[in-house]
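Here is the structure we will look at.
The values are calculated or read from the model by the stated rules, or taken from the named source; none is laboratory data. Every value quoted in this text rests on a predicted model; they were computed, and no experiment measured them. Neighbour counts are summed over all protein chains in view; Cβ atoms, including those assigned to glycine, are modelled from backbone coordinates with ideal geometry.
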Amino acid sequence: MLEKVNKLVEKVNRFTPNSEEELNNFRIEYLGKKGLLNGLFSAFKEVPSDQKKDFGAAINNLKVLVQNKIEDYKDGFETEETEESIDLSRPVALDNLGSRHPISIIRNEIVEIFNRIGFTISEGPEIEDDWHNFSALNLPKEHPARDMQDTFFIQTNPDVLLRTHTSSVQVRYMNENKPPIRTLSPGRVYRNEAVSARAHCIFHQVEGLYIDENVSFADLKQCLLYFAKEMFGEKTKIRLRPSYFPFTEPSAEVDVSCNICSEKGCNVCKNTGYLEILGCGMVDPNVLENCGIDSKKYSGFAFGMGIERIAMLKYGVNDLRLFFENDVRFLKQFKKSI
Ligand code: PHE
């Protein structure tokens, strides 16, 4: 018996595998369920007890030898990559890239559309004072229209607040620049409103301001018609309804024709065939004077829109909260539009 084990030891020592397959066969031959070592372990029972010690040591030694052999050669075969084993035509695994947020995509689109007719971007602080957010815009203290924009105040100081619209940036811009002015103010704004599918306490706006000599309401209408067609398609029509804003006179709310139902009426436009997208008007002379612009010489128009609202209409999203949850399953659907 011992003789047999010694012969196997010699055989294992001499063995040099040339391929993974050979090594695998070797493993099965020795260590497999019906392999040589298991055979020897069962034979162990039959060995006379005075030889058990030597025989046991010999088969254990053989087992370690076999395991070491396999260990020595295993890695060599695993890392070896021949030209045939690499498929050079296989497409690369794509990295899971992030995508631009739909609000940024729409913001950029709006900015580009107005850039093409000469509007440039202006930005300002999100924490504002009363003057820039309200008073300069013809909204003195105690003006009832302040209630239209539920305001977050910083601590207990009523003079420091989170801007409720980016009109505050326009006030700053008018203070620092002389007409002609053509500026666009995109940014984040805050209102103390209950969060629902249609409203949020944080949202984004783009406001526009155009001031020059002889700017008329017709210019405003044409400018907005151009925007609506660029944003929603060549066939889009606009409709202006009289409205009220303290900083513009006259003021209007603008609707675009619903391109989901082609004005026939659907649940998105609530069967009216039109969707409200923005507020606008001719800048009130008081506002111009508050900002150091001669209202006898200059006139201008302003408009403001919510980016979320435009994104909802453009992408058919029916819950505004989705834009703030950052669920990648939602966000990655807008990847193509980068
Ligand atoms: N600032 C207004 C708002 O936030 C929008 C607006 C801007 C309306 C300019 C008219 C003119 O509601």
Considering only residues that are among the aliphatic types (A, V, I, L, M) and under 17 Å from Cys291 (Cα atoms), look in the range 143-182 and name the one that is nearest to the chain's Cα centre (by Cα). Val169
If you check Ala218 against the conditions, is it within 11 Å of the ligand (Cβ to nearest atom), over 31 Å from the mean Cα position of the chain (by Cα) and assigned by TED's automatic domain parsing to the domain that holds Arg107? no
Are any of the residues in the range 253-260 surrounded by 15 or more Cβ atoms within 10 Å (Cβ to Cβ), among the charged types (D, E, K, R), within 16 Å of the ligand (Cβ to nearest atom) and in the same structural domain as Gln205 (by TED's automatic domain parsing)? yes
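Which of the following residues is within 26 Å of Arg191 (Cβ to Cβ), modelled with pLDDT under 95 and under 27 Å from the mean Cα position of the chain (by Cα): Phe232, Phe227? Write out each step before concluding.
Details: Phe227 fails: modelled with pLDDT under 95.
On inspection, the qualifying residue turns out to be Phe232.
Which residue out of Phe330, Phe301 is of a type in the set (Phe, Trp, Tyr), in the same structural domain as Cys258 (by TED's automatic domain parsing) and touching a strand residue (DSSP E or B) at 6+ places or on another chain (Cβ under 6 Å)?
Working: Phe330 fails: touching a strand residue (DSSP E or B) at 6+ places or on another chain (Cβ under 6 Å).
Of the residues listed, the single one that is of a type in the set (Phe, Trp, Tyr), in the same structural domain as Cys258 (by TED's automatic domain parsing) and touching a strand residue (DSSP E or B) at 6+ places or on another chain (Cβ under 6 Å) is Phe301.
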Mind listing just one residue for me: the one in the range 294-338 that is touching a helix residue (DSSP H, G or I) at 6+ places or on another chain (Cβ under 6 Å) and not in a helix (DSSP H, G or I) and, of those, nearest to Leu240 (Cα to Cα)? Phe301
Leading residue by the ranking (surrounded by the most Cβ atoms within 10 Å (Cβ to Cβ)) among those in the range 156-202 that are in a loop (DSSP other than H, G, I, E, B) and among the acidic types (Asp, Glu): Glu193
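This table checks each residue for (1) surrounded by fewer than 21 Cβ atoms within 10 Å (Cβ to Cβ); (2) touching a residue at least 24 places away in the same chain (Cβ under 8 Å).
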{"position": "Phe245", "(1), (2)": "no, yes"}
{"position": "Cys269", "(1), (2)": "no, no"}
{"position": "Gly273", "(1), (2)": "yes, no"}
{"position": "Asn290", "(1), (2)": "yes, yes"}
{"position": "Lys296", "(1), (2)": "yes, no"}
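Scan the range 206-229 residue by residue and report those that are farther than 23 Å from Thr166 by Cα and not polar (S, T, N, Q). I'd like the intermediate steps shown before the answer.
In the first step, residues of the range 206-229 are kept if they are farther than 23 Å from Thr166 by Cα; the result is 213-214, 218, 229.
Correct list: Glu213, Ala218, Lys229.
Only one residue in Leu278, Leu313 is within 16 Å of the ligand (Cβ to nearest atom) and either assigned by TED's automatic domain parsing to the domain that holds Ala136 or under 23 Å from the mean Cα position of the chain (by Cα) (or both), so which one is that? Before you say what the answer is, go through the steps one by one.
Values: Leu313 fails: within 16 Å of the ligand (Cβ to nearest atom).
Exactly one residue qualifies, and that residue is Leu278.
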When Arg90 is evaluated against the numbered criteria (1) within 16 Å of the ligand (Cβ to nearest atom); (2) among the basic types (Lys, Arg); (3) modelled with pLDDT under 95, which criterion, by number, is the only one it fails? (1)
Test result for Thr272, among the hydroxyl-bearing types (Ser, Thr, Tyr), farther than 18 Å from Phe203 by Cβ and away from the ligand (no atom under 16 Å from the Cβ): yes
Take the range 221-239 and flag every residue that is of a type in the set (A, V, I, L, M, F, W, C) and away from the ligand (no atom under 12 Å from the Cβ). Cys223, Leu225, Phe227, Ala228, Met231, Phe232, Ile238
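Can you pull out the residues in the range 120-134 that are of a type outside the set (Phe, Trp, Tyr) and either touching a residue at least 40 places away in the same chain (Cβ under 8 Å) or in a loop (DSSP other than H, G, I, E, B) (or both)? If you could, list the steps in order and put the result at the bottom.
The initial filter retains those residues of the range 120-134 that are of a type outside the set (Phe, Trp, Tyr), namely 120-130, 132-133.
Passing the criteria: Thr120, Ile121, Ser122, Glu123, Gly124, Pro125, Glu126, Glu128, His132.
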